[in-house]
Amino acid sequence: MSIWKRIGEALSALTSGEPLSEIFDRLRTPPERSVAFTIAVIALSAKMAKADGLVTRDEVTAMREVFQIAQEDEAGAARVFNLARRDVAGFEDYALKIRRMFDSSDTCLCDLMEGLFHIAMADGTYHPAEDDFLHQVADIFGIADHDFRALRARFVPDAAPDPYTVLGVAPETPMSDIRKAWKRLVRDTHPDAMMARGVPQEMIRMAEKRMIDLNRAWEEITALKGPEAA
């Protein structure tokens, strides 16, 4: 059964008038957690669009890229998006419930933030309201500031990405420790590891961009410190 049919079943289980955020209290374990993960990204994207006051065609296209949404499944994704936009609950309520759902996996929450950054940058502009929104969501998720900055450095082209920030290390960090950080991040980016965390298969293609960014950062650091340091 596709992820979108499973999402349809989850939405059908909501009683009349029950908010979409109730789903996050029900889908806490695999394989249902991948359904909740997908709903979480779409729902928070809807709240983010509400924050900057715009829903552009680029953002809709970006959502299709993140999840590889087939044409026949677009209605299901749109239903989640619209339910979240109409929900009177603030994004804080959504973010808190999502954190409780993934409380044992900071990495999974970073996966989720990555999808939000991709959608935020779809129109080529990083709106101040989006930055404020993502900062607040990251704080609620308990994501460390250096991890947030690493995500932002990879997605927001306001300056050339600092390779140390991308890998979440400081320039003075010993090369052996930088190598360990790079290898850990590469290991966490493997599709099998991501699906085990609850990331739906439909979103795994995001790992391709992450792997490119991580390897480029490692190569730049190696070049800066000299081949003998590697």
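The values are calculated or read from the model by the stated rules, or taken from the named source; none is laboratory data. The shown structure was predicted, so the numbers you read here are calculated from the model rather than taken from an experiment. Virtual Cβ from ideal backbone geometry, glycine too; neighbours counted across all protein chains shown. Side chains are part of the model used for accessible areas, which takes the heavy atoms of the whole protein and leaves out ligands, DNA and RNA. Shrake-Rupley method; radii C 1.70, N 1.55, O 1.52, S 1.80 Å.
Some notes on this structure:
- For the chain: relative contact order, % (alpha-carbon pairs under 8 angstrom, 6 or more apart): 23
- Cα-based helix-to-principal-axis angle, 74-86 vs the chain, degrees rounded to 10: 80
- Taking only the alpha carbons of the chain, we obtain Rg and Dmax values of 17.9, 65 Å in that order.
- Sum of side-chain charges, VAL88 neighbourhood, beta-carbon under 14 Å (Lys, Arg +1; Asp, Glu -1): -1
- Between LEU224 and GLU9, the simple spin-label model (points 7 angstrom out along Cα→Cβ) gives 4.9 nm.
- Carbon and sulfur %, accessible surface of the range 3-225 computed with the full protein complex present, 1.4 Å: 52
- A straight chain from ILE204 to GLN71 at 0.36 nm per residue would run longer than the Cα-Cα distance by 46.0 nm.
- Max mean-square fluctuation residue, GNM over the chain, Cα-Cα springs under 10 Å, options ALA207, ALA62, ALA89: ALA89
- Cross-link pairs beyond the 31 Å C-alpha cut-off, checked among LYS47/LYS209; LYS50/LYS97; LYS97/LYS209; LYS50/LYS183; LYS5/LYS180: LYS50/LYS183; LYS5/LYS180
- Taken one residue at a time, the phi angles of the range 139-147 give Karplus couplings (6.51, -1.76, 1.60, θ = phi - 60°) of 4, 5, 5, x, 7, 4, 4, 5, 6 Hz. Gly and Pro are set to x.
- Taking θ as phi - 60° and the Karplus parameters 6.51, -1.76 and 1.60, the scalar couplings of the range 108-120 work out to 5, 5, 5, 4, 5, 4, 4, x, 5, 4, 4, 6, 4 Hz in sequence order, x denoting glycine and proline.
- Taking θ as phi - 60° and the Karplus parameters 6.51, -1.76 and 1.60, the scalar couplings of the range 175-188 work out to 4, 5, 6, 5, 4, 4, 4, 4, 5, 5, 5, 5, 4, 5 Hz in sequence order, x denoting glycine and proline.
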